[in-house]
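> Okay, here's the structure, questions in a sec.
The values are calculated or read from the model by the stated rules, or taken from the named source; none is laboratory data. Small disclaimer: the values here were computed from a predicted structure and weren't measured. So basically every Cβ, Gly included, is an ideal-geometry build from the backbone, and we count neighbours across all protein chains shown.
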């Protein structure tokens, strides 16, 4: 008498959130605190010989270098994630990101080491970006591959919640570090959030060590792709690759404009650093709650409808965003950041499932990592530099920022229409789409 092999119990939602959400939280904690430091501190610490605006531009350029390495990391870790499994890759990316972040907190100021410290800063930023290139895709996959039927959008949004959680913890850390005053923040305070990142490493690592070598996925027993998974993804799914890059570009451009550059903008038009950071903190809570809500709604309404609702709604908000900020009202500042976060959450929630479901399991890690990270490099990596350049080009006016925000939202809308609707397909149907 033969017996079918026992199937592993499906992981609980809480366990998957700890594995995917907290790991992504570390990634975006790293990027959040670096972006805020670039906006508020690094011009004085590492580029003191430049004017404030030029120093900010250079600091944002170092922020962007991390995005240069992200597509390379996506290709590298995506390949091994498809070949050897999700677990070892996700553990490696977590440790690499965390250690590089912590080391930034120990860097001496420019007056101590000169230009050499800038080189080290850029190298550590590149290492951060390389590791992050394999983090988001793997975290997203863990959620959607382990999800029960009809819940892939919700479970995939755990990664999006992790984005919000990491951003919130990062901005809270900088808010507390700024309370004693700007002088303390520049001298010592900015280092504390970077060094404290080791705590998130420990929590995320414990969670990921519990991830089985093979996740609960009906398609995990299929043999791995014999050809290079990346090449198969590009050749077999060219439209999905192109549209997924466009969605990532639009989303990350908006996310980093609002989450990083707009902090600088609000301070320059008269709001205090603390008010600007508090606005970001409140909006981040709204963002990850909205991501969870709309990720779940995408299971019922469909991914495309929710994505388009979020991107077009974001255009409406941006049209009133800058005029309202010009009033100087702190409550209205908070309101506009929250409204923007709600519509951003409507796109952020479904993205992991929407992009991941465009590829079968055998090439999914490569496909989702490549497309998301190229889009992130084009959108998020340039957002702050483009924002600063537009502000200079329009003599401090907001028209250029407004037009660019509308443009990237439209790109996201068009590319969402270009992807197939996958919410009603089973994971088996997605993993075995038939001959191409």
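> Identify, from the list 166, 170, the residue that is modelled with pLDDT of 80 or more, under 29 Å from residue 241 (Cβ atoms), within 19 Å of the chain's Cα centre (by Cα) and part of a helix (DSSP H, G or I).
Selected residue: 166, the only one of 166, 170 that is modelled with pLDDT of 80 or more, under 29 Å from residue 241 (Cβ atoms), within 19 Å of the chain's Cα centre (by Cα) and part of a helix (DSSP H, G or I).
> Given 105, 114, 181, which one is under 25 Å from residue 337 (Cβ atoms), surrounded by fewer than 24 Cβ atoms within 10 Å (Cβ to Cβ) and at pLDDT below 90? Write out each step before concluding.
Details: 105 fails: under 25 Å from residue 337 (Cβ atoms); 114 fails: under 25 Å from residue 337 (Cβ atoms).
Result of the check over 105, 114, 181: 181.
> Identify, from the list 291, 244, 233, the residue that is in contact (Cβ under 8 Å) with a residue 60 or more places away in the chain, buried (at least 21 other Cβ atoms within 10 Å of the Cβ) and over 28 Å from residue 34 (Cβ atoms).
Going through 291, 244, 233 in turn, just one is in contact (Cβ under 8 Å) with a residue 60 or more places away in the chain, buried (at least 21 other Cβ atoms within 10 Å of the Cβ) and over 28 Å from residue 34 (Cβ atoms): 233.
> Counting only residues that are more than 19 Å from residue 194 (Cα to Cα) and outside any helix (DSSP H, G or I), how many does region 77-123 have?
Of the residues in that region, 4 qualify.
> To continue, here is another question. Of (1) farther than 22 Å from residue 86 by Cβ; (2) touching a helix residue (DSSP H, G or I) at 6+ places or on another chain (Cβ under 7 Å); (3) at pLDDT 80 or above, residue 264 satisfies all except one. Which?
Answer for residue 264: the failing condition is (3).
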